[in-house]
Ligand code: MN
Ligand code: MN
């Protein structure tokens, strides 16, 4: 053996996945990234993602768990929580109490939510007040074409869906920003203060109408249009859930089209690949579960977030329907023996900002799916920090199944950090590791991921379910 060969056998080196993939894998990668872009366009909110997940699941033979009293190996079921959170399972051949393989991704993304009383008029323009959701850089949201998505109750008490800004001929909406000529004061502010939260107001109209004894006639005109179209009044906004998201569709990025650029890829890239993964499962040894959760971006709280009791309730129901009963001991055993892939994105190293990473431990776009032992911030606070046994086991499964993977961490020590659902899943007492796609410009209106990483994330979840 030459020194070079010996060195190569002793050292750990990562390689770009595009260089390691076979032609057959590349073909599957191109196909998957096309259908993934369609998924992104159809699912710009958590509700839309659940609807799309249900459609795909039904097509693959999954049924609503409520329709079945008993479950047997090979059965495929789903359970929806408040239209924003979905649990899917394929029953395994082995005793369910030996544990479940769970992959969990989130389907909420940073955005602007409408306030409860959003509509107002100023300078003959009608605008909508927003409250941002999740960790956004506020300066990225003005001057971007925006769409309106959500649900609202009409005066008859019927829930109406609103989607404006997605069709070719739809109007879009926008938040204005100051022209450079008059931005003398703004430009010397800190970036966190340059655009203030209360200035993220969305332009929705500008045509006054003739109206007797009405002062705000642009607002009046907008209300009349909304009433004609959706049967709603201003009061309807109080109970509405309306999200303002970038209007643009998902695109291929680069001359070689090696990337996908789109809004909401954190974490719909992992949601989509997790979904594709479980749809491929046929009577596994270990029961396979996929869960798509809401509210990760604001701390995994709320009844549709990862901290909700919903997943435990769904698992209880699975055990009950498989075994005829589920004692607390059965549930505890099942959970303690279970393993979870927290399918969430990581920060891809960015050539424009090399100083925020530590090169040996950062992940790179195109180098495959990233396995992260820990996330967190300030000395690993707020993370689960997977144990050695589990990291080894998952790495081995990846290697044995030809998955191209890399490690990752969220920036160099003390640069910042962040969390995922992993810590909440770990609190239930199961093994969990973060596993997902590296993203450039995370949380921006146009996030970018490498297609090889999308494909390898899918392969990782498939490999995990097989074991
Ligand atoms: Mn995420
Ligand atoms: Mn995020």
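The values are calculated or read from the model by the stated rules, or taken from the named source; none is laboratory data. None of the values given here were measured: they were computed from a predicted structure. Reconstructed Cβ throughout: ideal geometry from the backbone, glycine too, with neighbour counts over all protein chains shown.
Go through the residues of the stretch 17-26 one by one and say whether even a single one is part of a helix (DSSP H, G or I) and under 15 Å from the mean Cα position of the chain (by Cα).
No, because not a single residue in the stretch 17-26 is part of a helix (DSSP H, G or I) and under 15 Å from the mean Cα position of the chain (by Cα).
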Selection from the stretch 414-441 of residues at pLDDT 95 or above, away from ligand 2 (no atom under 16 Å from the Cβ) and not in a helix (DSSP H, G or I) yields 428, 429, 430, 431, 432, 433
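Condition check ((1) within 24 Å of residue 447 (Cβ to Cβ); (2) within 33 Å of the chain's Cα centre (by Cα)) across all residues:
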| position | (1), (2) |
| --- | --- |
| 191 | yes, yes |
| 197 | yes, yes |
| 209 | no, no |
| 216 | no, no |
| 219 | no, no |
| 231 | no, yes |
| 252 | yes, yes |
| 256 | yes, yes |
| 262 | yes, yes |
Identify the residue in the stretch 332-357 that is within 24 Å of residue 461 (Cα to Cα) and part of a helix (DSSP H, G or I) and, among all such residues, is nearest to ligand 2 (Cβ to nearest atom). 335
When you scan the stretch 118-130, do you find a residue that is surrounded by 15 or more Cβ atoms within 10 Å (Cβ to Cβ) and not in a strand (DSSP E or B), even just one? no
Quickly run through the stretch 442-467 and pick out the residues that are under 20 Å from residue 109 (Cβ atoms) and outside any helix (DSSP H, G or I). 442, 443, 444, 445, 446, 447, 448, 449, 450
If the requirement is being more than 16 Å from ligand 1 (Cβ to nearest atom) and under 22 Å from the mean Cα position of the chain (by Cα), which of these qualifies: 374, 353, 367? 367
Take the residues in the stretch 269-314 that are out of contact with any strand residue (DSSP E or B) (no Cβ under 8 Å at 6 or more places or on another chain) and within 15 Å of ligand 2 (Cβ to nearest atom); name whichever of them is nearest to residue 419 (Cα to Cα). 299
Could you give every pair whose Cβ atoms fall below 6 Å, whose first residue belongs to the stretch 2-14 and is touching a residue at least 12 places away in the same chain (Cβ under 8 Å), and whose second residue is part of a helix (DSSP H, G or I), counting only separations of at least 6 or pairs across chains? none
